[in-house]
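Asks: Starting off with a structure, shown below.
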Amino acid sequence: MVVRRTVLFILACVVASAAAAQTRTAEPVPRDQIEDAIREGCERIMGTQRGDGALVLDTRRFGPGTYYVYPVGVVALGTLALQHALPHLKGETATRARESRRKALAWITQHQLEPKTYTSGLVICVLHKEHLGEYGKLVGRYAAMLVLSQHTKGPDAGAWGYDLHLPPGYRLGQNQGRPPARLGRMDHSNTQFAVLGLLFAQHSGFQIPKRTWRLLRKHYVDTQNADGGWGYRSDSRPGSYANMTLASTISLSICEEMLFASDHGECKAPPESGPVNNGLQWISKNLDYDALETYGFYALERLGILSGLSEFGGKSWFDEGVSRLVRDRRWRSHGADSPNQQIGAAFAVLFLSRGLEPIIINKLKRHGTSDWNNAPYDVKHLVEYISSRFQHPKQWRIVTLDAEVDFLVRVPILYMSGYEALEFTAVEKGKLKGYVERGGTIFGMACSGRKAFDKSFRALVAELWPDGELRLLPQTHPIYKPPRPLAVKQKLLGLALKQGQGRLGVIYSPYDMCCRWHKGGTRAKAVFDVGTN
């Protein structure tokens, strides 16, 4: 049986029109107001810090006794928010935030393992953003608890509940309590944090068994409701609702990437994933931003960023979220009760901070063909590589030429690839020319060096810039130098613009790198470095 590969970024399910790249119902909020809200959220988080470094975002999570008690998880949530907020903080606030993060990180790493699913996912996320060499053992232990504690039988198979099994041989101290002998029922809230932890453990170099991902995928497919959404679980809030559908859609997408990206044997657009598409369709039709709590906005942010989508149902998810979170700072999380308020602040800071991360490359979706997406994870993996190598988070998006040039030029690189001959209308060609002449750079790539794409791309450049010429870039060209000195100097061509004082308006690779970007791994390092430069 051939496993259907997912295209996380399939735009067939982005159901508005392709022109929705610019459709908004919420007016964009000025950046300084967003940064002010981030600062306020960080002040709330830092205001909960004890002398020992713990961020007590919710006092109930630090008490004795129930499964809702996970102090390490709460501290990790606050720490993660501060980590992502730091690039957007200034002056004395940034200084205090760095110190608060340092103390909280020390508290987490000096604490015994906390065998909770929420905790494991959040701690791994926090440690992944730090220097792994120092914390690798701790990441491995939390990842091991997740792998060991996945339900493998019955109606909960593939998912996680609140509690985890400890790693073999590990014993908690006398004051730490004891994990239950049997794991409780699963739910899709805990499961999304398990998926986050497994994802970043894998990004940190730990090999998560394929069986874990296969069980997880089967679980999501089997528990998806007929309308395309997900509920909490079959015996508790089983109907589809936003929090669980957002979380489950991105978790299923991550799962399918982990299963299938490295198995992509040929540079060819894979079949679409029906369950992922159905989840995205549910979101496009049913998402009510006014009813969404900060916990849901955190899932929305992850879905938008990891999928490369700017909007759902014709609405910019970031603009819609910002308009609520900046103008109404109650920041509800699981009910607006006061003890939970700073949990909400942490989720709000994560949404706002990540939404401000710079988008460095757009992937062009061409109408009427799937040829634009032969390697679905190519640009995603390249941007993840750049972010990891330089410790500065970057993002990417999918766009169409229905967007106006004013929208396109916000991002410096427009990437297109394929096997087939390119076909653009006169209006689309005008937008490509305008994009380059207003400062953007087109980066073209012939999948597997196919002649049809190669010939049509060269013809397009000649048509748009008849006085220019695509020329082989010499080995002394700056593109082959730092930031990443290249072990392999890929053959690249460039079009230097006369009016741009020699700036490259077009870069072209007649040979394939996209399939290796898509597969990722250590073998792709050399071509990742080419893309980085």
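The values are calculated or read from the model by the stated rules, or taken from the named source; none is laboratory data. Just so it is clear, the structure is predicted and the values come from calculations on it, not from any experiment. Reconstructed Cβ throughout: ideal geometry from the backbone, glycine too, with neighbour counts over all protein chains shown.
Asks: For Gly78, indicate whether it is in contact with a helix residue (DSSP H, G or I) (Cβ under 9 Å, 6 or more places away or on another chain) and either surrounded by fewer than 16 Cβ atoms within 10 Å (Cβ to Cβ) or at pLDDT 95 or above (or both).
Replies: Here the answer is yes, as Gly78 does meet what is asked.
This table checks each residue for (1) under 20 Å from Cys515 (Cα atoms); (2) surrounded by fewer than 17 Cβ atoms within 10 Å (Cβ to Cβ).
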| position | (1), (2) |
| --- | --- |
| Ile386 | yes, no |
| Arg397 | yes, no |
| Phe407 | no, yes |
| Val411 | no, no |
| Met416 | yes, no |
| Ala426 | no, yes |
| Lys429 | no, yes |
| Lys433 | no, no |
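Asks: Being among the β-branched types (Val, Ile, Thr) and out of contact with any helix residue (DSSP H, G or I) (no Cβ under 7 Å at 6 or more places or on another chain), is that true of even one residue in the stretch 88-95? Walk me through it before giving the result.
Replies: Step one: filter the stretch 88-95 for residues among the β-branched types (Val, Ile, Thr), giving 93, 95.
Checking which are out of contact with any helix residue (DSSP H, G or I) (no Cβ under 7 Å at 6 or more places or on another chain) leaves us with 95.
Within the stretch 88-95, one or more residues are among the β-branched types (Val, Ile, Thr) and out of contact with any helix residue (DSSP H, G or I) (no Cβ under 7 Å at 6 or more places or on another chain).
Asks: Is there a residue being surrounded by fewer than 20 Cβ atoms within 10 Å (Cβ to Cβ), modelled with pLDDT of 85 or more and closer than 18 Å to Ile413 by Cα anywhere in the stretch 475-493?
Replies: Looking for residues that are surrounded by fewer than 20 Cβ atoms within 10 Å (Cβ to Cβ), modelled with pLDDT of 85 or more and closer than 18 Å to Ile413 by Cα, one finds at least one in the stretch 475-493, hence yes.
Asks: While we're looking at this one, here's another question. Inspect all residues belonging to the stretch 210-227 and state whether any of them is in a helix (DSSP H, G or I), at pLDDT below 95 and among the hydroxyl-bearing types (Ser, Thr, Tyr).
Replies: No; the residues of the stretch 210-227 include none that is in a helix (DSSP H, G or I), at pLDDT below 95 and among the hydroxyl-bearing types (Ser, Thr, Tyr).
Asks: So, Glu43, is that one among the charged types (D, E, K, R), surrounded by fewer than 17 Cβ atoms within 10 Å (Cβ to Cβ) and either closer than 23 Å to Ala144 by Cβ or in contact with a Ser or Thr (Cβ under 8 Å, 6 or more places away or on another chain) (or both) or not?
Replies: yes
Asks: Give the stretch 365-411 a look and list any residue that's touching a residue at least 40 places away in the same chain (Cβ under 8 Å), out of contact with any Asp or Glu (no Cβ under 7 Å at 6 or more places or on another chain), closer than 19 Å to Ser316 by Cβ and not β-branched (Val, Ile, Thr), or say none.
Replies: The answer is Lys365, Trp396, Arg397, Asp402, Ala403, Glu404, Phe407, Leu408, Arg410.
Asks: Condition (residue is among the polar types (S, T, N, Q), surrounded by fewer than 20 Cβ atoms within 10 Å (Cβ to Cβ), out of contact with any strand residue (DSSP E or B) (no Cβ under 7 Å at 6 or more places or on another chain) and not in a helix (DSSP H, G or I)) applied to the stretch 145-163: is it met by at least one residue?
Replies: yes
Asks: Pick out the one residue from Ser240, Ser251, Ser284 that is over 18 Å from Asn373 (Cβ atoms), modelled with pLDDT of 95 or more, among the hydroxyl-bearing types (Ser, Thr, Tyr) and buried (at least 24 other Cβ atoms within 10 Å of the Cβ).
Replies: Details: Ser240 fails: buried (at least 24 other Cβ atoms within 10 Å of the Cβ); Ser284 fails: buried (at least 24 other Cβ atoms within 10 Å of the Cβ).
Going through Ser240, Ser251, Ser284 in turn, just one is over 18 Å from Asn373 (Cβ atoms), modelled with pLDDT of 95 or more, among the hydroxyl-bearing types (Ser, Thr, Tyr) and buried (at least 24 other Cβ atoms within 10 Å of the Cβ): Ser251.
Asks: So how many residues does the stretch 436-447 have that are out of contact with any Ser or Thr (no Cβ under 9 Å at 6 or more places or on another chain) and crowded, with 17+ Cβ neighbours inside 10 Å?
Replies: 4
Asks: Another question about this same structure. Among the residues of the stretch 186-221, write down those that are more than 22 Å from Leu77 (Cα to Cα) and touching a Pro at 6+ places or on another chain (Cβ under 9 Å).
Replies: Once the filter is applied, which keeps residues that are more than 22 Å from Leu77 (Cα to Cα) and touching a Pro at 6+ places or on another chain (Cβ under 9 Å), the stretch 186-221 yields Arg217, Tyr220, Val221.
Asks: While we're on this one: Any idea which residue in the stretch 407-465 is farthest from Leu492 (Cα to Cα), counting only those that are assigned to a helix (DSSP H, G or I), of a type in the set (Gly, Ala, Ser) and at pLDDT 95 or above?
Replies: Across the stretch 407-465, the extreme among qualifying residues is Ala426.
Asks: Something else now. Run Leu113 past the list (1) in a helix (DSSP H, G or I); (2) in contact (Cβ under 8 Å) with a residue 40 or more places away in the chain; (3) more than 26 Å from the chain's Cα centre (by Cα); (4) surrounded by 16 or more Cβ atoms within 10 Å (Cβ to Cβ) and report the number of the one that doesn't hold.
Replies: The failed condition is (1).
Asks: Could I ask something else about it? Looking at the stretch 438-451 only, could you name the residues that are touching a Leu at 6+ places or on another chain (Cβ under 9 Å) and either among the aliphatic types (A, V, I, L, M) or more than 17 Å from Leu364 (Cβ to Cβ) (or both)?
Replies: Within the stretch 438-451, Ile442 is the sole residue that qualifies.
Asks: Something else now. Restricting attention to the stretch 498-514, does a residue exist that is modelled with pLDDT of 85 or more, outside any loop (DSSP other than H, G, I, E, B) and touching an Asp or Glu at 6+ places or on another chain (Cβ under 7 Å)?
Replies: yes
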